[in-house]
Amino acid sequence: MRVLLSCLQSRRRHPIPAYDFWRDYFVEGCSEAGIECLEVPGLDWAEGLVSLPGKQLEEWRSRTWETVLKFVRKERDQKPIQFFLSYLYPRQIDVGAIAELQRIGVPCVNFFCDNVREFHKMPVEYRPFSLHWVPEFEALPLYRNAGLPHLHMPMPCWVPIELRCVPAAETEAPTFIGSADILRRDLLGRAVRAGADLVIRGTGWTPTSDSLNSEVPTRRLGAILRNQMAFVRTHGLAGFCRKIENHFIHLDPPTISENTLMPQVSRDEYVRITREAIVAIGINRVPATRVSNRHPLTYSRLRDIEAPMLGACYLTEWTAGLGELYELGKEIESYRTPEELQFKIDELKKDGPRRKIMRQRAQRRALADHTAVRSLIRIGERLGAKSA
């Protein structure tokens, strides 16, 4: 089976959140599943996320999709392509090109992992796809109500064979690894104030001299009004009200001691610490402009798959659908409040045998049910794709 992959491949690093790992997980998953993975040489898919709306974005779309169609026609003359698998935001999509790919016999499947944070209704650009890979349990009503064909499958993840075992030793304190935001500061600050013994690693947790000395740029009234009107068109009046609420009614996160904060880590260190921490901590709340910070949006994230797959003793924030991935309390643990996070950390720290059993059970479950390999096979079965 052959699959064409579009997953934010780029020729240079762009100023957007980390995205490289998705491509690696898809490519490795295809390889393990015995799927030939094709990539259009030279294309910069991530550029579509930083191109300015208007002429610049239109030129990027025209240039990119013309290259894709030319590549596909050439490849299909040699050997069939079973489907096109993409990770595309609406602004990157050329609806006509998707329709043309499917007209010439290449079904198009889009994976997207931030549906509930980005959309309050499905974008029209997603309608032409043959199938949608939906990882968030909370996003399923969006796709059902829009009548779009979809499969609910976990976030795509792949780990090397040598890491598919539980670690030989626990060398790190209970640890959260991730960048700072207002919701994470509030949650972890309150947990630490309640007595949680944990370590935080990542960017943005300690103030820098640049941030302390930076000035807020002044903007003209006309520009401010245009931006606010654009926001209302995208997120609706309810979203605008939540934005105003978040601006004027601030969360007041407790100060986190410097003894709790550690330097950010490399990818290799991230893997080692996740595996070897007494408890690996997950957070599923995310900042969203259309939701109040006092009642944050939560949904299962990639770490809910990755950490157990790596053999972690995993404690993550409860969210809807988490119980469909694991048997809570036996494979992984969950918490709902900062105080419960503190209690569960203490509880797990005292019970080494339970931690070992949880690691084994969760890793076995993740590697059996939640791999990118299994999801790719399911897509092929749904589309009726045959090996060629």
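The values are calculated or read from the model by the stated rules, or taken from the named source; none is laboratory data. This is a predicted model, so every value here is computed, not measured. Glycine also receives a Cβ, built like all others from the backbone with ideal geometry; neighbour counts cover every protein chain displayed. Note: areas computed on protein heavy atoms with side chains; ligands, DNA, RNA excluded. Shrake-Rupley method; radii C 1.70, N 1.55, O 1.52, S 1.80 Å.
Along Cα→Cβ, 7 Å out, is where each label goes; now give me the distance between the ones at ARG76 and ASP20 in nm to one decimal.
According to this spin-label approximation, the distance is 3.4 nm.
Along the Cα→Cβ direction, 7 angstrom out, place labels at GLU59 and ALA146. What is the inter-label distance in nm?
3.0 nm
Measuring from label point to label point, each 7 Å out along Cα→Cβ, what is the ARG193 to HIS295 span in nm?
2.2 nm
How big is the antiparallel share of DSSP beta bridges in the chain, given as a percent to the nearest 5?
5 percent
On the protein heavy atoms, probe 1.4 angstrom, tell me the percent of accessible surface of segment 2-141 carried by carbon and sulfur.
51 percent
Full-extension gain between GLU258 and LYS356, please, as 0.36 nm times their residue separation minus the C-alpha to C-alpha distance.
On the way: separation 98, 0.36 × 98 = 35.28 nm, distance 3.03 nm.
This chain segment gains 32.3 nm when fully extended.
Among SER51, TRP22, PHE129, pick out the residue whose Cα is farthest towards the positive end of the charge dipole of the chain, where Lys and Arg carry +1 and Asp and Glu carry -1 on C-beta, about the Cα centre.
Farthest towards the positive end: PHE129.
Taking amide H positions as placed 1.01 Å from N in the peptide plane, with prolines and chain starts having none, which residues 5 or more places from LEU131, or on another chain, fall under 5 Å of its amide H?
CYS108, ASN110
Any chance you could run the full-extension gain for ARG382 through GLU32? It's 0.36 nm times the residue separation minus the Cα-Cα distance, nm to one decimal.
Additional length available on full extension: 124.1 nm.
List the aspartates and glutamates whose Cα sits under 17 Å from the Cα of LYS70, skipping any in the same chain fewer than 8 residues away.
Cross-link targets: GLU39, ASP44, GLU59, ASP94, GLU100.
Return the sequence-ordered ³J(HN,Hα) values of segment 193-202 in whole Hz as given by the Karplus equation 6.51 cos²θ - 1.76 cosθ + 1.60 applied to θ = phi - 60°, using x for Gly and Pro.
4, 6, x, 5, 9, 8, 10, 10, 10, x
Assuming R0 = 35 Å, can you tell me the calculated FRET efficiency for the pair CYS165 and ARG11, based on Cβ-Cβ distance, to the nearest 0.05?
Efficiency for this residue pair is about 0.45.
Whose amide H sits under 5 Å from the amide H of LEU8, counting only residues 5 or more places off or on another chain, with H placed in the peptide plane?
Residues meeting the criterion, in which the H sits 1.01 Å from N, are TYR87.
How do THR371, THR206 rank by accessible surface area computed with a 1.4 Å probe, from largest to smallest?
Values: THR371 25, THR206 75 Å².
Putting THR371, THR206 in descending order of accessible area: THR206, THR371.
Give me the 1.4 Å probe accessible area per residue for the chain, excluding ligands and nucleic acids, in Å². Could you put the intermediate results ahead of the total?
On the way: 18820 Å² over 388 residues.
For the chain, the per-residue accessible area is 49 Å².
What does the charge dipole of the chain about its Cα centre add up to, to the nearest 20 debye, if the Cβ of each Lys and Arg holds +1 and the Cβ of each Asp and Glu holds -1?
Dipole magnitude for the chain comes out near 840 debye.
So what's the back-of-envelope 222 nm ellipticity for the chain, counting only DSSP H runs of four-plus at -39500 (n - 2.57) apiece and dividing by all residues, rounded to 500?
Calculated from helices alone, the mean residue ellipticity at 222 nm is -13500 deg cm²/dmol.
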